[in-house]
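A short write-up of the structure that comes next.
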Amino acid sequence: MGSIVTFNRPDGKAVQGYLAEPAIANAPAIVVIQEWWGLNDQIKGVADRLATAGFQALVPDLYRGKATVEEEEAHHLMTGLDFGDAAGQDIRGAVQFLKARAPKVGLTGFCMGGALTLLAAGSPELDAAVVWYGCPPLDYIDASNIKIPLQGHWATQDQFFKIETVDGLEAKLTAAGVDYEFHRYLAHHAFANETAVGTGRLAATQYDPVWAQQAWDRTLRFFGKHLG
């Protein structure tokens with residue numbers, strides 16, 4: 001369904017990404033941000049799912065071709081990523097690329113990608129964003145820059161992003177007058193990732209098909225409302 005495309009960042013550097021396109025022309029579009037594993041089949045499947053629902057979906061390749069199934073290497077790749085550069089350049093470039101092809105553009109991301117979604121939510125070309133169980137340190141978020149509707153999906157049993165952090169995030173967003181709706185699920189981290197069958201330290205990740213379906217239903221309704 002999808003193909004590899006090249007687009008430019010605001011600084012002019014070229015980046016690649018996976019683009020999934022629906023059958024309809026000029027469809028609204030969504031930038032999808034990977035988990036710490038990289039641009040793998042699972043996140044391509046998320047883009048394909050959005051395309052099936054009628055959206056153009058672009059996953060920028062933040063790791064420049066690297067992907068892994070090994071937790072240690074994923075941690076290494078994530079810690080080597082410049083989050084400010086990824087949010088302000090790679091992700092914004094992806095948003096600008098889609099804005100030239102679509103009437104409205106949304107942003108969504110999972111785990112590490114959820115944190116990056118919050119960091120990039122102030123991009124002026126964006127129309128809406130959905131965060132899945134990922135949050136940067138709250139000091140890094142300038143909530144006054146977020147002028148778009150925001151939806152979030154959080155796991156109350158999340159051992160990587162504690163639910164108390166979400167309380168702090170809500171307080172920050174409320175104080176800045178951000179239009180947001182957060183949903184909490186009695187679930188573990190990565191509950192919407194069908195490959196999350198935790199082992200080792202990642203025993204703390206667990207796919208939950210029931211909650212995943214509910215969160216996806218809410219996400220598609222939200223994007224349908226705000227992107228058209």
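Out of L62, L116, report the one residue that is touching a Leu at 6+ places or on another chain (Cβ under 7 Å), of a type in the set (A, V, I, L, M) and at pLDDT 95 or above.
Matching residue, one of L62, L116: L62.
Of all residues being under 17 Å from the mean Cα position of the chain (by Cα) and farther than 14 Å from R9 by Cβ in segment 78-98, which is surrounded by the most Cβ atoms within 10 Å (Cβ to Cβ)? Just the residue, please. Talk me through it step by step, then tell me what you get.
From segment 78-98, those under 17 Å from the mean Cα position of the chain (by Cα) are 78, 81-98; that's our starting set.
Then drop every residue that is not farther than 14 Å from R9 by Cβ, which leaves 78, 81, 83.
Details: M78: 19, L81: 15, F83: 16.
Out of the qualifying residues, it is M78.
P28 passes all but one of (1) free of Cβ contacts under 8 Å to residues at least 60 places away in the same chain; (2) in contact with a strand residue (DSSP E or B) (Cβ under 8 Å, 6 or more places away or on another chain); (3) farther than 22 Å from L81 by Cβ; which number fails?
(1)
What single numbered condition from (1) of a type in the set (D, E); (2) free of Cβ contacts under 8 Å to residues at least 40 places away in the same chain; (3) more than 19 Å from F223 (Cβ to Cβ); (4) in contact with a strand residue (DSSP E or B) (Cβ under 8 Å, 6 or more places away or on another chain) fails to hold for D61?
(2)
Looking only at helices (runs of 4 or more DSSP H) that lie completely in segment 1-104, which have at least 1 residues being within 23 Å of N145 (Cβ to Cβ)? Don't jump to the end; show me each part of the working.
Numbers: elements: 41-52, 71-79, 92-99.
In segment 1-104, the matching helices (runs of 4 or more DSSP H) lie at 92-99.
I'd like the residue in segment 5-31 that is among the aliphatic types (A, V, I, L, M) and in contact with a Gly (Cβ under 7 Å, 6 or more places away or on another chain) and, out of all such residues, is surrounded by the fewest Cβ atoms within 10 Å (Cβ to Cβ). Please lay out each step first, then the result.
Taking segment 5-31 first, the residues among the aliphatic types (A, V, I, L, M) are 5, 14-15, 19-20, 23-25, 27, 29-31.
Pick out the ones that are also in contact with a Gly (Cβ under 7 Å, 6 or more places away or on another chain) and you get 5, 15, 19-20, 24, 27, 30.
Values: V5: 15, V15: 19, L19: 23, A20: 23, I24: 10, A27: 22, I30: 32.
Top of the filtered list is I24.
Find the residue count for segment 46-70, including only residues that are under 18 Å from A23 (Cβ atoms) and not aromatic (F, W, Y). Steps first, please.
Filtering segment 46-70 down to residues under 18 Å from A23 (Cβ atoms) leaves 47-58.
Subsequent filtering for residues that are not aromatic (F, W, Y) retains 47-54, 56-58.
Within segment 46-70, residues that are under 18 Å from A23 (Cβ atoms) and not aromatic (F, W, Y) number 11.
Inside segment 148-172, can you point out the residues that are β-branched (V, I, T) and part of a loop (DSSP other than H, G, I, E, B)?
Initial filter on segment 148-172 (β-branched (V, I, T)): 148, 156, 163, 165-166.
Answer for segment 148-172, where residues must be β-branched (V, I, T) and part of a loop (DSSP other than H, G, I, E, B): I148, T156.
Take segment 162-191 and flag every residue that is surrounded by 12 or more Cβ atoms within 10 Å (Cβ to Cβ) and among the hydrophobic types (A, V, I, L, M, F, W, C).
The answer is I163, V166, L169, A171, L173, A176, V178, F182, A187, A190, F191.
Looking at segment 204-226, is at least one residue in a strand (DSSP E or B) and under 17 Å from the mean Cα position of the chain (by Cα)?
Filtering segment 204-226 for residues in a strand (DSSP E or B) gives 205-206.
Restricting the remaining residues to those that are under 17 Å from the mean Cα position of the chain (by Cα) gives none.
No, every residue in segment 204-226 fails to be in a strand (DSSP E or B) and under 17 Å from the mean Cα position of the chain (by Cα).
Counting only residues that are under 18 Å from the mean Cα position of the chain (by Cα) and touching a residue at least 24 places away in the same chain (Cβ under 8 Å), which one in segment 186-199 is nearest to T219 (Cα to Cα)?
Start the filter on segment 186-199 by keeping residues that are under 18 Å from the mean Cα position of the chain (by Cα), which leaves 188-196.
The next check asks that each one be touching a residue at least 24 places away in the same chain (Cβ under 8 Å); those that pass are 188-195.
Numbers: H188: 19, H189: 17, A190: 16, F191: 14, A192: 12, N193: 15, E194: 17, T195: 20 Å.
Within segment 186-199, the match that is nearest to T219 (Cα to Cα) is A192.
Say we look at segment 141-159 and pick out the residues that are in contact with a Phe, Trp or Tyr (Cβ under 8 Å, 6 or more places away or on another chain) and either free of Cβ contacts under 8 Å to residues at least 24 places away in the same chain or over 25 Å from V105 (Cα atoms) (or both); which of these is surrounded by the most Cβ atoms within 10 Å (Cβ to Cβ)?
By that ranking, first place goes to A155.
The values are calculated or read from the model by the stated rules, or taken from the named source; none is laboratory data. Please read these numbers as outputs of a predicted model, since none were measured by experiment. Ideal geometry is used to build each Cβ from the backbone, glycine not excepted, and the neighbour counts take in all protein chains shown.
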